[in-house]
1. Based on the Cβ-Cβ distance from residue 209 to residue 91, what FRET efficiency comes out when R0 is 30 Å, to the nearest 0.05?
2. With charges set only on the Cβ (+1 for Lys and Arg, -1 for Asp and Glu), what does the dipole of the chain come to about its Cα centre, in debye to the nearest 20?
3. Could you work out the pair-distance distribution P(r) of region 2-232 from its alpha-carbon pairs, with 10 angstrom bin width and percents rounded to whole numbers?
4. Most mobile of 21, 214, 290 per a Gaussian network model of the chain (Cα springs, under 10 Å)?
5. Any idea how far apart residue 43 and residue 110 come out in nm if each label point goes 7 Å out from Cα toward Cβ?
6. What is the gain in length, in nm to one decimal, between residue 311 and residue 127 on full extension, counting 0.36 nm per residue of separation less the C-alpha to C-alpha distance?
7. Can you list which of the DSSP-assigned H helices in the chain have a Cα extent of 30 Å or more along the long axis and an average Kyte-Doolittle score of at least 0.0?
8. Please arrange 115, 48 by how many other C-beta atoms lie within 10 Å of their C-beta, fewest to most.
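Nothing in this text is a laboratory measurement; each read-out follows from the coordinates by a stated rule. Every value quoted in this text rests on a predicted model; they were computed, and no experiment measured them. As a convention, Cβ positions derive from the backbone with ideal geometry for all residues, glycine included, and neighbour counts pool all protein chains shown.
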Amino acid sequence: MPAAMLWLLTLVRIRTALDRERAPVLRATFFAALACTLFIPAVYNAADPILGGRNHVGLALVIAIMVSFWQFHTATVLAAISGQVRRRHHLVRGRLALALAGTCVVAGFFSSRVDVTNQNLPLAYGSQPGMQVFLWMGSAFIIWVCADAALTCFRFLPRMRSRTFKSGFGCFAAGCIFMALALGNRLLLGMLEASPAYGNPWLGVLNWSFAILETLAVILVSIGLVLPRFRESLGLLRRNIRSRWLMVLMTPVWRRSSTQRKYLLRNRWTPLLDPVARRVTGHLQRRVVEVRDAQLRGLTLLPRDRVLVNQAEQLLQGH
């Protein structure tokens, strides 16, 4: 379920790929979806032999998770911090943390003997020093990113006026906290499984709670990313519908203003289909211009028509 949600979120945001401010979210969701997909046992076991059968999929999975959280951190900084100096400071700090943690993760992995494919690296190879560096540095980086992103969101909340944006940032921060808890759950589970007291009663609780924490984290982060754009999309939808309705209401006065074809800006064969046309704003603006032009030539507008034209002009001006 988390992988499917993240792939869907990636597809929804793919049009932001070239937007400098919004592209980090797209990259974050892509790498998170990739990591969740690789974490599926069937995918992990099928892909690892292709890469040599030495758990290289596990390395790719951890790197994908780290890059994903780094991009989430970048997106949070870009959205919450407006000052260029502070923003640059946070971004540089994130890059340095990723470089340090990534170097340790790669070095720890290749210094360990992980010859047999096993999705549960902490349990199978956690006793090796290199694998401990691999696991703990990757986990520490992700937990730091989650904590820093959540703290940045909570600091930014009091300055936000829009309830939609507040809810979105709050959900994102809560999702980061749940993700940190899920990762801590996984680390604790690995430690207990590797301990002599393998029959610890907490193992069952940790096993089923991990899936819940992970799912909650993905859901909350997804909601947090969608909510701020939902209000904008809803506003655009309302504007689109109102533009089309105004075009329908303006049709009689527009037809009276367009009796002389030589004054039309464009001789269209199907003017009555304009309300359902694709570029409704352009058609509405053209009709307003043609009506105003007819007024200059002596056309008298009825009070109702005058109100409609004024409303159309205000809508086109963004009011």
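1. So, using R0 = 30 Å, E works out to roughly 0.30.
2. Working: 38 positive and 13 negative charges, 512 e Å.
My answer is approximately 2460 debye.
3. Pair shares across the bins are 8, 31, 36, 18, 6, 0.
4. Highest fluctuation of the listed residues: 290.
5. 2.6
6. 59.0 nm
7. Helices meeting the span and hydropathy rule in the chain are 56-80, 84-110, 129-156, 163-194, 202-257.
8. If I rank by nearby Cβ atoms, fewest first, I get 115, 48.
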